[in-house]
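**Q** Structure in structure tokens, see below.
We did not get these values from a lab; they are worked out from the coordinates using the rules stated. From a predicted model like this one, the values you see are computed outputs, not experimental measurements. Positions of Cβ are backbone-derived with ideal geometry, glycine not excepted, and every protein chain shown enters the neighbour counts.
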Amino acid sequence: MTDDRATEKNTGPSAEMAKTLGLNEHKRNVLGRYKWHTAVGVAFLILVLLVFRPGSGVEEVNFRTAPVIRGDLTVTVTATGTIQPLNQVDVGAEISGLIKAVHVDFNDEVTLGQKLATMDKDQLSARVRQTEAQLISAFARVEEAKASELEARNNLKRSESLHKKGNVSEQTLDNSSAAHARALAVLASVKAQVTVAEANLAADETNLAKTDITAPIDGIVLTRQVEPGQTVAASLQTPVLFTLAEDLSAMKLVVDIDEADIGQVKEGQIGFFSVDAYAGRVFPSSITSVRFAPKDDGGVVTYEALLSVDNSDLALRPGMTATATITTATRTGAVMVPYAALRFTPPRPPKDEEQPAANRRGAPGLMGMMMPRFNRNRGDRQTPLQVGALGRVWVIEDGRPMPIQVEVGLLDGESAEVIADGIAEGLKVIIGVQAAN
């Protein structure tokens, strides 16, 4: 009696109202119908899987094949770089001063020694005149010192003669000898001053000559970075005023070769390159140099290679980006197969193929029927192929794959040359496997 009252107290009016309205019974009916529909759906699914499931449990395998072909095989390496002049020179000013005149402009052809620009000469000209006067003064002092030396020498001779006759003292003879020695020293000093004055004059004349900025090579003006009236300050480093390129009819292409390909690239190999400015046009080229110095760009190591560029028509310009294709090896009449043929490995037969049907893998259980099984080829790894390595290709004999051992020859990125006695043109080699329903 106490329990009934406690239950009624806990349920409260809501339970009595639900009982009165019949909500609990409605809920039980809905839940019952939901369980019934779920059971019917699961039974239907099992029936469908049992009807359409293969009885053997082992899928049929079809092989994809490709014929062995014979043809010319070309191995190439692709690299990008920029076109540059063979000889490019930056011309600057070695002295500071004001630019009075500029005599050349962009794309002007210049010759060795031609004036490119002229700087203000007034201050340096005055400096030259000053050092010339200093040199003249030094020469005058030399003449004066020569006269003094001559006088001292004559005095010394007379003193020596009189000393022998006993007419002068020993001290007088010593004084005459010291005076002559001092005269010789003064003469040597003023001669050294002449040398200093000559050097100062040469330096000032050189600076004056540098006010005329001239071309160091025959070529063409690529850039001009100075205007008349501009002040040039050459205190710490030489400012670049002009950039000259020598003979644009012959240039070079500098490309970056990846470290994985550098072993194939050698001097003398031929190739071609293209630029975006001339779509569809290729320019012949050949490798002239392969640099040993590495370039490390974020962990990517490359090596520079130089290719010759014939630009007789001046179509190419310095700084153009080019894509070069270099031929590293060729083979005529090579026997070739696709890469996939060398990477193929036949699928393994199921281990449960000889077991009773009831015990085979995938036979019992709903999950085994719902998850289809395929004997995939898991040995087809994308391992790099190497020239000279031993490999295998597979052919179909009596419906079964059979291996043939081959030696790998040249590789061009799609096809591989194979060397073996049992390989002939037209032979079908397996390149893949697919499961048939």
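**Q** ALA315 to SER96: extension gain in nm, 0.36 nm per residue of separation minus the Cα-Cα distance?
**A** My answer for the length gained is 75.0 nm.
**Q** Can you list which of the GluC sites (Glu not before Pro) found in the range 398-437 are DSSP loop residues with at most 11 other C-beta atoms within 10 Å?
**A** GLU414
**Q** Are there any GluC sites (Glu not before Pro) in the range 85-141 that are in a DSSP loop and have at most 16 other Cβ atoms within 10 Å? List them by number.
**A** Within the range 85-141, the qualifying GluC sites (Glu not before Pro) (loop, at most 16 other Cβ atoms within 10 Å) are GLU94.
**Q** Go ahead and run the numbers for FRET between THR345 and THR74, Cβ-Cβ distance against an R0 of 30 Å, rounding to 0.05.
**A** Rounded to the nearest 0.05, the efficiency is 0.55.
**Q** For a bin width of 10 Å, list the pair-distance distribution of the range 185-290 built from all Cα-Cα distances, rounded to whole %.
**A** With 10 Å bins starting at 0, P(r) equals 10, 21, 20, 18, 15, 9, 5, 2, 0.
**Q** Can you tell me how much longer the chain between THR82 and ASP398 gets when fully stretched, taken as 0.36 nm per residue apart minus their C-alpha distance, in nm with one decimal?
**A** 108.0 nm
**Q** May I ask for the net charge around THR332, where only other residues with Cβ less than 15 Å from the Cβ of THR332 are counted and Lys, Arg are +1 while Asp, Glu are -1?
**A** -2
**Q** If each residue of separation counts as 0.36 nm, what is the full-extension length gain between ARG182 and THR325 once their alpha-carbon separation is subtracted?
**A** 43.4 nm
**Q** Now, a different point. Provide the net charge surrounding VAL301, with neighbours chosen by a C-beta distance below 11 Å and charges set as Lys +1, Arg +1, Asp -1, Glu -1.
**A** For residues surrounding VAL301, the net value is -4.
**Q** Between SER125 and VAL301, what FRET efficiency comes out of the Förster formula 1/(1 + (r/R0)^6) with R0 = 56 Å and r the beta carbon distance, rounded to 0.05?
**A** 0.50
**Q** At what distance in nm do the modelled label points of ALA234 and ASN175 sit from each other, each positioned 7 Å from its Cα along Cα→Cβ?
**A** Here the modelled spin labels are 5.8 nm apart.
**Q** Same structure, new question: Viscosity 1.002 mPa s, temperature 20 °C: give me the Stokes-Einstein translational D for the range 244-339 in µm²/s, with Rh taken as the Kirkwood radius over C-alpha pairs.
**A** Once the numbers are plugged in, D ends up at 143 µm²/s.
**Q** Taking the Cβ of ILE217 as the centre, find all other residues whose Cβ is under 10 Å away and add up their charges (Lys, Arg: +1; Asp, Glu: -1).
**A** -3
**Q** Cut-off 15 Å, label point 7 angstrom out along Cα-to-Cβ of GLU144: give me the residues of the range 189-204 whose amide nitrogen falls inside.
**A** 189-194
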